């Protein structure tokens with residue numbers, strides 16, 4: 001489903017990101033984009049009923065970026081994307097801090113929305129990040145959630161687009 005050349009951007013960084021700056025960079029000089037969808041994930045102050053004071057995200061440099069690039073390439077195979085951008089933060093974060101940004105652009109909104117949701121579902125289940133929370137009871141590693149696996153599983157049905 002390739003439509004022109006896809007400009008893909010994947011970054012893993014400690015620094016925060018700015019949605020407006022990233023969307024402006026994606027749109028610069030482009031008139032072929034008809035729809036842009038975005039998602040920002042943030043650190044919650046509560047998880048599994050416990051207060052969370054910090055969340056530390058760890059990764060293996062190189063391996064993580066390669067895995068993210070593969071996920072974006074899979075989205076490009078499934079959807080008519082013109083551009084896609086994934087920024088994932090690592091390091092120590094506080095409640096309210098931004099963790100992840102996904103932006104997708106297509107000629108039409110439906111493709112942009114679907115691709116954005118696909119990317120987030122796959123990032124939650126297939127991206128090699130390790131998360132450690134600090135709660136009043138001490139530190140704990142965050143396990144994968146069954147509902148995240150269920151969300152990602154719908155994309156591997158007979159219909160690649162994850163339609164019910």
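The values are calculated or read from the model by the stated rules, or taken from the named source; none is laboratory data. Please read all numbers here as calculations on a predicted model, not as lab measurements. Reconstructed Cβ throughout: ideal geometry from the backbone, glycine too, with neighbour counts over all protein chains shown.
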Does residue 17 qualify as being at pLDDT 95 or above, surrounded by 14 or more Cβ atoms within 10 Å (Cβ to Cβ), in a loop (DSSP other than H, G, I, E, B) and on the phi < 0 side of the Ramachandran plot? yes
Based on what the data block shows, is residue 83 more than 28 Å from residue 135 (Cβ to Cβ) and at pLDDT 95 or above? yes
Any chance residue 57 is surrounded by 13 or more Cβ atoms within 10 Å (Cβ to Cβ) and under 21 Å from residue 125 (Cα atoms): yes
Looking at region 33-49, which of its residues are in a strand (DSSP E or B) and either loosely packed, with under 13 Cβ neighbours inside 10 Å or under 16 Å from the mean Cα position of the chain (by Cα) (or both)? 36, 37, 38, 39, 40, 41, 42, 46
Take residue 8 and tell me if it is under 23 Å from residue 132 (Cβ atoms) and surrounded by fewer than 18 Cβ atoms within 10 Å (Cβ to Cβ). no
Region 118-144: number of residues that are surrounded by 13 or more Cβ atoms within 10 Å (Cβ to Cβ), outside any strand (DSSP E or B) and more than 13 Å from the chain's Cα centre (by Cα): 1
Assuming residue 95 fulfils every condition listed in (1) under 20 Å from residue 18 (Cα atoms); (2) in contact with a strand residue (DSSP E or B) (Cβ under 6 Å, 6 or more places away or on another chain) apart from one, which condition is it? (2)
If residue 70 satisfies every condition in (1) under 25 Å from residue 34 (Cα atoms); (2) part of a strand (DSSP E or B) but one, which is the exception? (2)
Quick one: what pairs do we get from region 86-100, first residue on the phi > 0 side of the Ramachandran plot and modelled with pLDDT of 95 or more, second surrounded by fewer than 20 Cβ atoms within 10 Å (Cβ to Cβ) and not in a loop (DSSP other than H, G, I, E, B), C-beta under 7 Å, 6+ apart or different chains? 91/56; 96/42
Exclusive hit being more than 12 Å from the chain's Cα centre (by Cα), surrounded by 16 or more Cβ atoms within 10 Å (Cβ to Cβ) and part of a helix (DSSP H, G or I), set 153, 114, 105: 114
